[in-house]
Structures are given as C-alpha cells and as structure tokens.
1. Determine whether the range 216-228 contains at least one residue that is open to solvent by 40 Å² or more (accessible area, probe 1.4 Å) and at positive phi.
2. Can you pull out the strands (runs of 3 or more DSSP E) entirely within the range 10-122 that have at least 2 residues that are crowded, with 23+ Cβ neighbours inside 10 Å and either of a type outside the set (A, V, I, L, M) or out of contact with any helix residue (DSSP H, G or I) (no Cβ under 6 Å at 6 or more places or on another chain) (or both)?
3. Looking for whichever is within 30 Å of Tyr228 (Cβ to Cβ), under 20 Å from the mean Cα position of the chain (by Cα), open to solvent by less than 30 Å² (accessible area, probe 1.4 Å) and small (Gly, Ala, Ser) here; the options are Ser864, Ser813, Ser790. Which one fits?
4. Would you check which residues across the range 714-750 are in contact with a Ser or Thr (Cβ under 9 Å, 6 or more places away or on another chain), within 16 Å of ligand 2 (Cβ to nearest atom) and in a helix (DSSP H, G or I) and list them?
5. Please find, among Arg180, Arg194, Arg199, Arg170, the residue that is open to solvent by 50 Å² or more (accessible area, probe 1.4 Å) and either within 18 Å of Asp285 (Cα to Cα) or over 48 Å from the mean Cα position of the chain (by Cα) (or both).
6. When you scan the range 229-239, do you find a residue that is surrounded by 22 or more Cβ atoms within 10 Å (Cβ to Cβ), farther than 30 Å from Thr48 by Cβ and in contact (Cβ under 8 Å) with a residue 12 or more places away in the chain, even just one?
7. Identify, please: which residue in the range 840-850 is surrounded by 24 or more Cβ atoms within 10 Å (Cβ to Cβ) and assigned to a helix (DSSP H, G or I) and is, among those, farthest from ligand 1 (Cβ to nearest atom)?
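The values are calculated or read from the model by the stated rules, or taken from the named source; none is laboratory data. This structure is a prediction, so every number in the text was calculated from the model and none was measured. Cβ atoms come from the backbone with ideal geometry, glycine included; neighbour counts cover every protein chain shown. All accessible areas refer to the heavy atoms of the entire protein, side chains included, with ligands and DNA or RNA removed. Shrake-Rupley method; radii C 1.70, N 1.55, O 1.52, S 1.80 Å.
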Amino acid sequence: MSLKRIYSFGGGRAEGGPGLRERLGGKGAGLVEMTRIGLPVPPGFVITTDTCALYLKSGSAALRRTLGRDLAGAVKRLERVAGRRFGDAADPLLVSVRSGAARSMPGMMETILNLGLNDRSVLGLAARSGNRRFAFDAYRRFLCAYGSVVLGLPRPPLEQPLEEVKQRLRTKRDTDVPARDMEEICRRLHAEIRETAGRPVPQDPERQLWEAIEAVFRSWMAEKSVTYRRVERITGLEGTAVNVVQMVFGNLGETSGTGVCFTRDPNTGVRTLYGDVLMNAQGEDVVAGVRTPMTLGGMKSRMPTVYRQLDRVRGLLERHYRDMQDLEFTIESSRLYMLQCRTGKRSSHAAFRIARDLAAEGLITRREAVARVGTGDIERLFYPVIDPEVPRRDLETRRLASGIGAVPGAAVGEVVLSAQEAETAARAGRPVILVRRETSPEDVAGMHVAQGILTATGGKTSHAAVVARGWGKTCVVGCETLSIEPDGGAIRLGERVIRKGERLTLDGTEGVVYEGSIPLVRPDLPEAYHEVMAWADGLRRLGVRANVDTPYDARKAIEMGAQGIGLCRTEHMFFDSADRRMAIREMILADDAETRERALARLLPFQRQDFEGIFEAMRGRPVTIRLIDPPLHEFLPQDPEEQRRLAARLRVPAETVARRVAMLHETNPMLGHRGCRLSLGYPEILEMQVRAIVEAAAAVKRRGVKVEPEIMHPLVMDPKEYALLAERTRTVAERVLKEQGLRIAYRVGTMIEVPRAALLAGPIGRLADFFSFGTNDLTQMTMALSRDDSGRFLPDYVDDRRLGILKEDPFQSLDQEGVGQLILWAIERGRAAHPGLKIGICGEHGGDPDSVRFCHRAGMDYVSCSPYRLPIARLAAAQAALAEVRPARGRAAASHRARKPAGNGRIRRRVTRRQRGRRHPVAQA
Ligand code: PEP
Ligand code: MG
C-alpha cells in the first residue's frame, strides 16, 4: 500500500490519530485533533512532512506524479464538506495554505490566504457577501502573498499601492479604504506582478494551489528557516507539512475579527485567557500591528457569547493536551472558528507556575511537572538581564563587539583594566567591568568585586569563565576584536576606543558588548519554583554539590540546594588579601626549606580560618578540599614594575624575583610542574594544607558542629604517585588529630583529570576513598584542546556551516563519545577494585544538563558545580531519573547498596542507614 500523504478533517470527521505529529506538523496535528474533539474547526486537509522531503529531493514533476490523485480527491472532499466549488464564479471555495513543521518555528515559513480567488470569483464573493470592499481586500491580500511567497518578489513594492492610497486618504487604517480603491489596488498589483515576475498570477485555482504548496515546501529551506533550526538546534525533521483549510473571514465587518490567545498568561502563568482580537481583520493584521487590537477582556463585554465559547474551548483544550495552549481563532459574523492550537511558549516564571498549577489541578502528575520545566528556564530565572523593554534598535546601535558568552546575564560598569583598579573603584562604590586580555589567579580579587568580566582570549572553561561562573558573574570571553592600548589607558573594540572609566554593558547570554549603560532587570523567583524544585529533589538519585572556596559562597550554595562541597580550590584563597599574596610569594621565592616553612606558617592561619568558615557553613555536609593545583609562576607578578615592587617589599634584590620568575617559566605550564607534582616537590605545602584542614575540622567539631572533610589531590596519573600522596596526607592528618586529641573521620581521594589516571582507575581506585572527575583538564588532555587557547578555532569545529566536526563545545557539554568513554571505563574499573568507591564530577560539566544526565547514567554519586548552576543540576538529575525505566524495587535497592561510599566505617554505616530509610533515595552527595 502506498504511503498516505494527505489527511482530511472537517464535517465532524478527522483522519489519522494522535502520534502523527511528526508527519502532520504541529499545526496539522492540532487541526485534526481539535476536529476530533468536536471544536469548531473549518474543514481542510494536511499534506505530510515527508511529502515535503520528497519534493525537495525529487522536484516538482515527482511531487505531482505522487500526489496528484490524492490532492484531487482531498479537494473534492473539501468541496463536498464546505458546500462550495473551487473556482466557482458565483460562490467560490477559498482556502488558506499554511506551513507547519513538527516543531514550532514561529514566523519562519509561509502563509497564503484567500487562495482560489481570481478576476471572476472575486465578483462572486462580493455578490455573495454583499460586501465588495471585503471581496477586493481579500483579493489584494491574496495577490500580495502570491507575489511574494510563490513568485519570490520583494514585499515592499507589493505593499506600496495600499500605502499610497492610505496616504492620499490621510488614514492609517486599512478599513478606511473603500471598495473602489481596493479594486484599483488589485489592478495595480496585477500589473506590478506581471512586470516584475514576468508572468501573471494564474487564474486557475488548481494551479494556484499546486504552486502555493510547492512554495510552502521550498520555504523549509529558506535561509531564515535554516538559520532558525540551527540556532534552536532543531534537527531530524523531514520538512514542513502544508495545511489547506477553508477560509473563514474575520474581515466581514464589525461582528467579525481574528485573534490569538494563550490559555494562561504566558508571562506570569496565571490561569486566564490572555490575548488580543482585532475586529474586521484577517490573521496577518494582528501580527503586523496595523491597528491596536482589543484585549480579550474587551471582547468579553462586547461579544459575551463568543467569549464564553472561547473559554469553553480553552478548558477542553487544556484538558485534552494537559498543557497551556497558544490558539488562533477567527470570528466570522459572530461565529467562532478555531484555526490553530499548539503548546504555548512561556516565560521562565510562567513555566514554573504553569507546571505547578497543572499538577495542583490534577491535569498532570508532579513527576510530569518536573519534566515540563526546562533547565534553560532555571538559568534565565537567576541572572539580571537587559530590560526587555529596551528596543532592539537601540541595542543594535550600541553594539560594539561580540565574543563567547561564558556566563549568562548582563552587567553594567565602568571599564577598569587591572584587578587593583577594580578594587579601588569598588571600594568607592563604583560598579566596574574588568577588562583583561586574559585573567589569572592574580586577578581574582578584582574579578570578585567586578560586575562583569570581559577578556580578549579564552573559551568557556578559561580561568575567567570558571571563576566568573562560580560567582554568577556575567562574563564574555574570546572577544577577538578587543585589544588593550599600550599605554593601559583605554581599550579598543574594533575601531572604537573606550577610555578607562567609560561605561560598558555586557550581555553574557548572547556574548555581546554594548556601549554605555543599558537598564537591567532582575526577576524575582516565583513561588512555584521552590515547589517544583522540591518535587525534583524528591525524584533525583544523583547528589549535588557546589564548587566554592569561601564561607560566603558555601552559605549561598546551601541556599541553592547544595548537599556538600565537591571542589574547594584552595589556591583561590591565596589571593584574597595583600598579606596572603605576600606570604605565598615569599614561599615561592624562598631558597631553602626553612624560609619556605616560615612563609607557609604565615599562610596556615589564613587557610585554617577559611576552612573553619566553610566547615561551619556546611554543618556536617561533606566538603572536598583540593590541595594546591596551578603552576607556581601564576602566583608571581609577570610585570617588571610589579616584580620590582615585590622585591622591595621582601627586601631582596630585584634580580632575585626576576630570576625566580624566569626559572619557573614553562613552555607548557598546563602539563608542567603543577597539581600534585607541587605537593610532591614541596612536601611543606602538603603538610601546611593538610594541617590547616584537619585543625579547622577539629576546631569546628569542638564547637559541636559535625564535619566531613575530604582531602583531594589534583592531576594524579599513577597509582604509586597517589600512594605516596595518600600516605603523606594520612601521616600529617593522624599527627594533627593526635595533637588535637580527637577522632575525625576523613577521606582521602583523587581527581581523575589525566587520561592515564582514568585508564589506571583500577589500581588507583583500590587505594582511594573517592574519585572526582576533573573534566576540564580531562577534556583538555584527552582531546589535546587547550582550555585557554582553543577559543580561536573551536567555534568552527562546532559550527555546522563551517567544519561541523563536534556537536557541542566539549568544554561546555561533556564529550560523551570520547571523554565519556574514559569516565565509564574509570568508573567500572574503580568500582570493580573498590566497590564502595565514592564518585563525583567537579569539572564545569557538573552544571551542564546533558552532562548531568550522562553522570546519572554512568552511576556517579554526585555532580558538583558552581552554586548558581546547582538548580540546573538538581533539575537535570531529576529529569534523568524520570527518563530511565525504573528497575524493580529489589534490584534498584541492591545496586544502590553496591555503590555505598567507603572511607571509614562510621561514615559508611551512617550513609547506608539513611539510604535504606528512603523509598526513593536522594543520593548522598
Ligand atoms: C578540572 O580540571 O576539571 C577541575 C575541576 O580543575 P580545574 O578547573 O581547577 O583545573
Ligand atoms: Mg583540573
């Protein structure tokens, strides 16, 4: 049997059934479904999306061969149901021809109204309706649409005749244009089209229909449609369907009109009919804004019966689709017709409220409510954004440059070019945008006080991006047209020079830099957010932790739902104040162990104090503290002037500092003397850091607050290396505990961020209490892509109009095909060697929804990410749990027990008890 390519509806019957959305498109499926449930829908038919694919592949002749008989049959059936004939001179059947893909692509493809009109039937329409103006207005619209959509003519010359008449009549309203002028406009359009297209609009309705169908199919490949699909990541669709529907007229007079509405307010989510209706108008007028429409409230008092009908339709459709719908309708002489229904797009606020309310109304379950909100909705809830009231035009005129949007949101501030300037301005209460070629740990204090950060280089996991994300600070990186003027007094963005102190606005969502201050708004969190997130927390199995380095951020993390800290980067603490900077520099410049130990002794109280604050804030939740990671040269000033100042402060010759900087220089610092190699090379550093951690834990425990420290080594690549580190760590920890006269359970573990460590996860896992995947470095080293420099070419790898080699930026969304395989291997080997091995991830991917889903499937215990991304991780983890087929209870419980964390017995027992106590356990992070 040949493939059914046309589905008819109307006259109380509808072909096809639910589940045909891919083939009928959203609009077609909606029309069929609305007919089926008895709503007033004009009759018509849908030509399937696969027919579009056939046409695009094989062309017009093949289409006509394949579809000819079916189309003729569908038209006949429509004529029968409508009681009118196509091309009839006295009472013609007129149709609309509209596109409609399986995924909504608003405004991207084409519509032709009033098809079937010609020079004869327009007179019939005038006679039958008793309204000549209406008939020629309909013809005018048809000719315009045909000229532009089918014949490809530019739109403005086709709109010109009407504009000229309106000017002559000194009116802005189409409805003031009388019949004779409309007729004249139609004559002019005929002439214009014949001249520019080289052929007239066909008079034969059947030919009109074929050509219109082909034009709609072609619009699938129009540049704007292709771009929209790329931007929205719409893939895997065959083409657009074509909807051919009998015309109903909203432009028949003052009891007719056309409208669009949502079944709930798409901005707030409140349950009310929300929309506009334009009387005496056809569909396109509402969108074109030719007249000010009436609100539905206005319609309620003017046409109460129609309003009641629409309200009834709303209830029926929401119950049927169990979601908020976006509707198009026409009122023809006080009769309501439904022309479209689809799932309505909504703001982030509305997304939460609608999900919560639909669950409360019993239309969906709480599980479905959790599945309904998107992780993108959450992201948008938290960040200040450019005020949507600012006209797009204004934005365009102020646009200076673009780069990579590393942290979304928006920020306004004056340009500063160094961390010191940022601190000075911030102390004076002035908001700043810190602009750097790239940032380094030296800049963190300035970054901390800045509103936003802009760098010329770097990608989404560059230092600037990682640090900014941790603080939820707007950040644009890889802005290639940015340079800093040699005198350090200004920046250049392309041709424009911006002096220090002038203001910029950064849009980190779009990655755009604007001149001057643009108003921002910060939306309040909707109440429904907290409810839906609580439901999500009840569903997820994956724990969530935060990457934070300060007590303040730790408290913030708890507010955002953190169940622990998965990564505390201790090196960030070395830059918090001038004293700390000085101590670490003195330590690095030390020539002998004794001087080094003296400098470290000055750092110890700072670290202990930070750790105490963090343990206290986390109140018994696990805290993973990573020992020093970056290469030491990053802690020393590179600028000769600053080197001289440092030498003076330390009372050493300037050459000593310069020499040490030169000695520490590495061609490839990311693969050099960093990570645990520092702890091995300078055992005093390990000693100081472990001592600070354990002393802090002891002090907090003495205050009656529970502590759960986890000490983590970065950049491990070998079991022997790890054995040495673990042994030294435990030796120091036990010594300190003995001094303190306390017992505290602690874990020692390692990051898995070097491919070799992943490959050797068995022997390393046997010795470790936990693994934490550092997927920033693991991606960098597995793919040989520099985190800091690949921004120059990586976008081409991801852009399918250029190389299109990778689906996503692998620093943003985990490369599951490659890096992911190493992770799976390491988890399998690690757990085989050590069944209780606790496993998490602390690279930036821990806050990326797709990567979180991967971590869930891989059986990790937790993900860790910056506090501002925690809600995203919580929701993605819940959705991952919802997406999987739930195993039988017994099996699920058994597999869960098999993964219980190890470490010391006390922790193990406690976790196991908690896990057993829950029906759907939230994983212990
Ligand atoms: C990582 O490499 O994934 C990681 C978390 O460490 P960092 O970003 O500090 O190198
Ligand atoms: Mg790392």
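1. Among the residues of the range 216-228, not one is open to solvent by 40 Å² or more (accessible area, probe 1.4 Å) and at positive phi, which makes the answer no.
2. Here the list reads 44-47, 95-100.
3. Ser813
4. Answer for the range 714-750, where residues must be in contact with a Ser or Thr (Cβ under 9 Å, 6 or more places away or on another chain), within 16 Å of ligand 2 (Cβ to nearest atom) and in a helix (DSSP H, G or I): Tyr722, Leu725.
5. The unique qualifying residue is Arg180.
6. no
7. Here the residue is Gly847.
Residue-wise test of (1) without any contact (Cβ under 8 Å) to a residue 40 or more places away in the chain; (2) open to solvent by less than 30 Å² (accessible area, probe 1.4 Å); (3) under 19 Å from Val700 (Cα atoms).
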| position | (1), (2), (3) |
| --- | --- |
| Glu727 | yes, no, no |
| Arg730 | yes, no, no |
| Glu734 | yes, no, yes |
| Ala745 | no, yes, yes |
| Ala757 | no, yes, no |
| Leu760 | no, no, no |
| Ile764 | no, yes, no |
